[in-house]
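Report on the structure given below.
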Amino acid sequence: MSQFDNHYLCPKCGHVDELHPNNLICEICDFNPCFVAKHINEGDRKWWIRIEEDGGKWRRKKNLSSKLKKHLPEDKNLVKEFQKIVGELFGYLDQNKENMDSIFPKWTRDYSRTTGKRTQQGWKEKRSAKKVKQSSVRGKLYEGAFNEAIKQNEQFEQIFTPISYSYNGKEFEFEPDAWLWLENSQIPVEFKTFEEGKMVPNKFNRGLKQSRKYAKHSKLLGKNPKEYSALIICCPEERKFASALIDNRIEKIL
Ligand SMILES: [Zn+2]
């Protein structure tokens with residue numbers, strides 16, 4: 001199947017079907033607008049399924065939290081609760097090693113064909129086209145798996161489409177990977193995968209900065225007064241994950 005077959009992908013219910021000529025409305029759940037869909041290469045997908053089947057258990061790395069330790073939020077219980085929730089997400093992946101064929105998505109969003117111009121927001125890539133392609137397949141598959149894992153915990157809320165709002169007469173748009181409700185705060189979550197050997201402290205700042213941008217946006221939306229944000233990172237090939245709940249105390253070291 002060509003990756004350019006004409007299909008749409010519903011971000012809400014996951015339905016994929018033939019593109020309608022004049023609209024992007026989901027035939028199953030009426031969500032509007034859906035995305036033009038791009039097929040994920042089967043060979044690439046199988047490669048990552050095998051990584052999960054053959055890989056060991058996910059292990060928490062402390063290198064992110066030790067980098068940040070003096071600058072974490074003052075509410076230690078909240079930090080602890082967050083770390084426990086993240087541990088459960090990776091526990092879900094451990095329990096479902098044999099089911100990754102149904103957990104990894106088969107389709108992804110084609111941003112440029114959906115809008116004619118919009119590019120995916122987030123971190124800019126400066127690497128070779130081949131590396132970018134490998135890393136983008138990995139990111140899309142694990143982002144899909146992350147979306148399945150968060151469905152197991154009702155403190156998470158999925159985000160289906162970019163969030164637009166206006167403030168002081170200006171328009172803003174942002175799209176975290178999910179919301180996490182902790183102590184009445186709606187906290188934006190950024191999820192990011194790393195290639196083998198790259199999940200090291202000097203690579204963490206970009207993700208932390210991205211996470212702080214989401215924190216500022218969500219504060220303006222009004223449900224995150226303490227300006228918290230969350231970052232969850234992992235390296236599937238090395239079976240490592242790490243996470244941090246942060247607030248503006250972190251900004252002096254970024
Ligand atoms: Zn739908």
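The values are calculated or read from the model by the stated rules, or taken from the named source; none is laboratory data. This is a predicted model, so every value here is computed, not measured. Using ideal geometry, Cβ is built from the backbone for each residue, glycine included, and neighbour counts are taken over all protein chains shown.
Return only the number of the condition from (1) exposed (fewer than 14 other Cβ atoms within 10 Å of the Cβ); (2) within 16 Å of the ligand (Cβ to nearest atom) that Pro33 does not satisfy. Status for Pro33: all satisfied but (1). A single member of Lys226, Lys213 is in the same structural domain as Tyr92 (by TED's automatic domain parsing), surrounded by fewer than 23 Cβ atoms within 10 Å (Cβ to Cβ) and not in a helix (DSSP H, G or I), and it is Lys226.
Residue-wise test of (1) assigned to a helix (DSSP H, G or I); (2) farther than 30 Å from Lys226 by Cβ; (3) within 16 Å of the ligand (Cβ to nearest atom).
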{"position": "Lys12", "(1), (2), (3)": "no, no, yes"}
{"position": "Cys29", "(1), (2), (3)": "no, yes, yes"}
{"position": "Leu64", "(1), (2), (3)": "yes, no, no"}
{"position": "Val79", "(1), (2), (3)": "yes, no, no"}
{"position": "Gly91", "(1), (2), (3)": "yes, no, no"}
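Before we move on, is Lys38 over 23 Å from Asn147 (Cβ atoms), of a type in the set (D, E, K, R) and either away from the ligand (no atom under 16 Å from the Cβ) or part of a helix (DSSP H, G or I) (or both)? The answer is no for Lys38. Restricting attention to segment 14-27, the residues that are assigned to a loop (DSSP other than H, G, I, E, B), in contact (Cβ under 8 Å) with a residue 12 or more places away in the chain and either closer than 22 Å to Asn96 by Cβ or within 11 Å of the ligand (Cβ to nearest atom) (or both) total 5. In segment 22-31, the qualifying residues are those that are modelled with pLDDT under 95 and not aliphatic (A, V, I, L, M), and the one that is nearest to Gly144 (Cα to Cα) is Asn23.
Hey, Gly56 hits all of (1) within 16 Å of the ligand (Cβ to nearest atom); (2) small (Gly, Ala, Ser); (3) in a loop (DSSP other than H, G, I, E, B) but one; which does it fall short on? Of (1) within 16 Å of the ligand (Cβ to nearest atom); (2) small (Gly, Ala, Ser); (3) in a loop (DSSP other than H, G, I, E, B), only one is false for Gly56: (1). When Glu98, Glu125, Glu81, Glu88 are screened for being at pLDDT below 95 and at negative phi, only Glu125 passes. Kindly establish whether Arg45 is assigned to a helix (DSSP H, G or I), out of contact with any helix residue (DSSP H, G or I) (no Cβ under 7 Å at 6 or more places or on another chain) and in the same structural domain as Thr161 (by TED's automatic domain parsing). In short, no.
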